[in-house]
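Written below as structure tokens is the structure these notes are about.
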Amino acid sequence: MTNYEETLIPKLGVITDVRIDTPDIKTFRVVTPEGKKAFDHKPGQCAMLSVPGVGEAMFSITSSPTNEEYMEFSIKKCGCVTDWLHSAEVGQQITIRGPYGKPFPVDSEFAGHNMLFIAGGVGLAPLRSVINYCRHYRHRYGKIDIVYGSRSSADLLDYKEIIEEWTRDVDVDVHLTVDNAEEGWSGHVGFVPNYVKELGFDTNRIAVLCGPPIMIKFTLDGLCSMGFEKQQVYTTLELRMKCGIGKCGRCNVGSKYVCKDGPVFRADELESLPDEY
Amino acid sequence: MRKCLYKDIHKIFARVAEKMPLYIPAKTGDEKAEYKKWSEGDELFEGLNTVKSPKDLFFPQSEDLVRFKTEGKNIEITDVREDKGPFAVFGVRACDAKSFEVLDRVFLTEPRDSYYASRRENATVVTLACSRPSETCFCKTFGIDAGEPGGDVSAWIAGDDIVFSANTEKGSAFLDIIGELTEECSCDAVDREKEKIAVIMERLPLSDLTTDGFGGGKTEDLFNRAEWAELSEACLGCGTCTFVCPTCQCYDIKDFKSGNGVVRYRCWDSCMYSEFTKMAHGNNRLTQKERFRQRFMHKLVYYPENNDGLYSCVGCGRCLKSCPVSMNIVKVMKKLGGKKND
């Protein structure tokens, strides 16, 4: 009946800013045609963006909920919808629906703890939301460490924000790394999982990981060998999705649906799922 | 309970069709049948199951969700949902009636699917007991009684009569519509019919099949079993089993450029297809073994885990008849189930 809310019918959004982050990642600022935020969300939640005639796809909301003016999406060019978005200009309308998924437990399990964020490549996009949330409510969390790596320095996402804001915060340490040595890069060189081990964090903290599956696997193994319990480690998954509400069946893994029971999972929850993610 | 002569069933159909569209399993030739909107001359299929299940009536194979018009940088969104009003479906078997409950738990769980919900609310489901269950039937395995088919109205063919009993308010309204064509009767004939059906059910070749070894919490026991490789070896990935299945509900959402804007529609999809989980960065189910396993693990373990033990199979037997390589859920259950299925 037409008087029901229908989540599959999207709302209008307008791209009001396009930032070129890396050679293949752009960050899009999106508001409603009235200039407002499309909806409230929590760190780690996602939204379905679509370009009518091209398709619809799920993206993590990279901006923090504390930003009350707009949402941002950092999107890597790697398929039909993302290709199209990368060619979009300011003023382009798209559609948006959400928020979807279970957020990071920023106000419960994370509260009062030291935080260790570990990201690889575009994996920083979902973590940026929670990092900036923790920075906004700085007194609620202990020490914050951020380990972030990518193929090369040109592939580091949000570089300006990292350098101009994150590194200047009190009690926030940022550890950047690139896969291979390059001219002009004086920072660390090496893969993220190894760098985490070299940095040698104590286990008095909660770790949050996001990156390519292989990075997550080796980093998780590394953290466990450093003495971290699986209950202290969180990650966020990405699988193909269509509905976003646990009905279309696509992101089903075991008895969970990544779109509604995830995308945020604690490492011990992940361990109980069949290895199909 | 009310009854009329079974040979006068077309009069019932005609009366109902005056009030609302009526869908029946109608003969299509070749001993086959499909649910179609009844019109004068259509004959009720007397065999058991239609090729496709009646899930089509609530979750159509393809349906429009929303329309868009684009002009320059602007988009116009049009809600295309419409309330098509009440309809009735007659002749639903007990297994298919149970499948609606399985689908309800997916589509009516918040946030509910308004397309499906609207059709469910508008429908009066008239079921028909199975006087002659077939050798591919195994509804009993899932606790379904072919003699007590449920829905809004249950019907039985007993002797020369067809007997109706309302189970819900919508069912009572349906009996009011056909009131003049029927007369009050006792339940004696129906009771005898139920006993007869129960005896046949016990004698069916699959009457001993059990869900022993399956259900919520069995992922660890079953997921890594070596038998999945052998079971899935012949699977072509054609998806026929999912299309004829009354409980399969996976769907795709796609855009179609109509020449006059864009139609966003959804259509049935299948976890048996290689593209189902394919992403820009890879595929989490690379081989047919993994896709095959997903379908049966979902029906026999994951779904019951999330739905109070209800299985996502109703034993209708359609997949037993339609799989081109003769693979089916019964073989999976016999191979992987507990000792009782040996």
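Before moving on, here are some points about what is shown:
- The length gained on full extension between residue B:230 and residue B:286, counted as 0.36 nm times the residue separation minus their Cα-Cα distance, comes to 18.5 nm.
- Using the Cβ-Cβ distance between residue A:169 and residue B:19 with R0 set to 51 Å, the FRET efficiency from 1/(1 + (r/R0)^6) comes to roughly 0.15.
- Within the protein assembly as shown, the ratio Rg/Rh, alpha carbon atoms throughout and Rh by Kirkwood, equals 1.04.
- When A:56, B:275, B:43 are arranged by Cβ crowding within 10 Å, least crowded first, meaning fewest neighbours, the order is B:275, B:43, A:56.
- Restricting the GluC sites (Glu not before Pro) of segment A:125-200 to loop positions (DSSP other than H, G, I, E, B) with no more than 15 neighbouring Cβ atoms within 10 Å leaves A:165, A:182, A:183.
- Ranked packing of B:254-262, A:67-75, most packed first, by mean Cβ within 10 Å: A:67-75, B:254-262
- Within 10 Å of the Cβ of each residue in A:251-257, the mean number of Cβ atoms contributed by other protein chains is 6.
- Rg ratio (alpha-carbon, reference 2.2 N^0.38 Å) - segment B:219-341: 1.17
- The loop-placed trypsin sites (Lys or Arg not before Pro) in segment B:15-74, going by DSSP, that have at most 15 neighbouring Cβ atoms within 10 Å of their Cβ come out as B:73.
- Only Cα pairs under 8 Å and 6+ residues apart enter the sum, and on that basis the relative contact order of chain A stands at 17 percent.
- What separates the Cα centres of segment B:32-77 and segment A:39-111 is a distance of 33 Å.
- Rounded FRET efficiency, nearest 0.05, which uses the C-beta distance separating residue B:135 from residue A:109 and R0 of 60 Å: 0.65
- About the Cα centre, charge dipole magnitude for the protein assembly as shown (Lys/Arg +1, Asp/Glu -1 at Cβ), debye: 720 debye
- Ranked list, fewest to most other Cβ atoms within 10 Å of each Cβ, for B:203, B:285, A:135: B:203, A:135, B:285
- Selected from B:177, B:158, B:136, residue furthest toward positive end of dipole (the protein assembly as shown; charges at beta carbon): B:136
- Peptide A:54-67 shows a mean partner chain C-beta count of 1 within 10 Å per residue C-beta.
- More than 30 angstrom apart: percent of Cα pairs within chain A: 27 percent
- Gained length - residue B:7 relative to residue B:101, 0.36 nm times residue gap less alpha-carbon distance: 30.7 nm
- Dipole of chain B computed with +1 at Lys/Arg Cβ and -1 at Asp/Glu Cβ about the Cα centre; of B:319, B:258, B:62, farthest Cα towards the positive end is B:258.
- For segment B:127-233, the alpha carbon convex hull comes to 153 Å³ per residue, rounded to a whole number.
- Projected-area average for segment A:114-172 over all orientations - Cα convex hull basis, square nanometres: 3.6 nm²
- Length-normalised contact order for segment A:11-100 - Cα pairs under 8 Å, 6+ apart - percent: 39 percent
- Dipole magnitude of segment A:11-100 about its Cα centre (Cβ charges: Lys, Arg +1; Asp, Glu -1), debye to nearest 20: 140 debye
- Label-reachable residues, segment A:178-193, where backbone N falls under 18 Å from a point 7 Å from residue A:225's Cα toward its Cβ: A:190-193
- Among B:293, B:132, sorting on how many other beta-carbon atoms sit within 10 Å of each Cβ, with the fewest leading, yields B:132, B:293.
- Remark: relative contact order (segment B:2-203) = 23 percent; criterion is Cα-Cα distance under 8 angstrom and separation of 6 or more residues.
- Residue-averaged beta-carbon neighbours from other chains (10 angstrom radius) around A:236-242: 4
- Along each principal axis, Cα extent of segment B:2-203, largest first, Å: 69, 39, 36
- By the Cβ-Cβ criterion of under 4.7 Å, the unpaired cysteines of chain A are A:46, A:78, A:80, A:134, A:210, A:224, A:251, A:259.
- Positive minus negative residues near residue A:62 (Lys, Arg vs Asp, Glu; Cβ under 12 Å): +1
- Stokes-Einstein diffusion for segment B:267-318 at 20 °C, viscosity 1.002 mPa s, with a Kirkwood radius from C-alpha pairs, works out to 174 µm²/s.
- In nm, spacing of pseudo-spin labels at residue B:267 and residue B:221 (7 Å Cα→C-beta vector): 4.0 nm
- Electrostatic dipole magnitude of segment A:115-236 [Cβ: Lys, Arg +1; Asp, Glu -1; Cα centre; debye, to 20]: 460 debye
- Shown is the FRET efficiency for residue B:40 and residue B:238, computed with R0 = 51 Å from the Cβ-Cβ distance and rounded to the nearest 0.05: 0.85.
- Local net charge near residue B:226, Cβ-Cβ under 11 Å (Lys/Arg +1, Asp/Glu -1): +1
- CD proxy at 222 nm, helix term only [per DSSP H run n ≥ 4: -39500 (n - 2.57); per residue of the protein assembly as shown; nearest 500]: -7000 deg cm²/dmol
- Once the Cα-Cα distance is subtracted from the 0.36 nm per residue extended length, the residue B:83 to residue B:32 segment shows a gain of 15.2 nm.
No lab work stands behind these numbers, since they all come straight from the coordinates. What you are looking at is a predicted structure, and each value in this text was computed from that prediction instead of being measured. All Cβ positions, glycine included, derive from the backbone under ideal geometry; neighbour counts span all protein chains shown.
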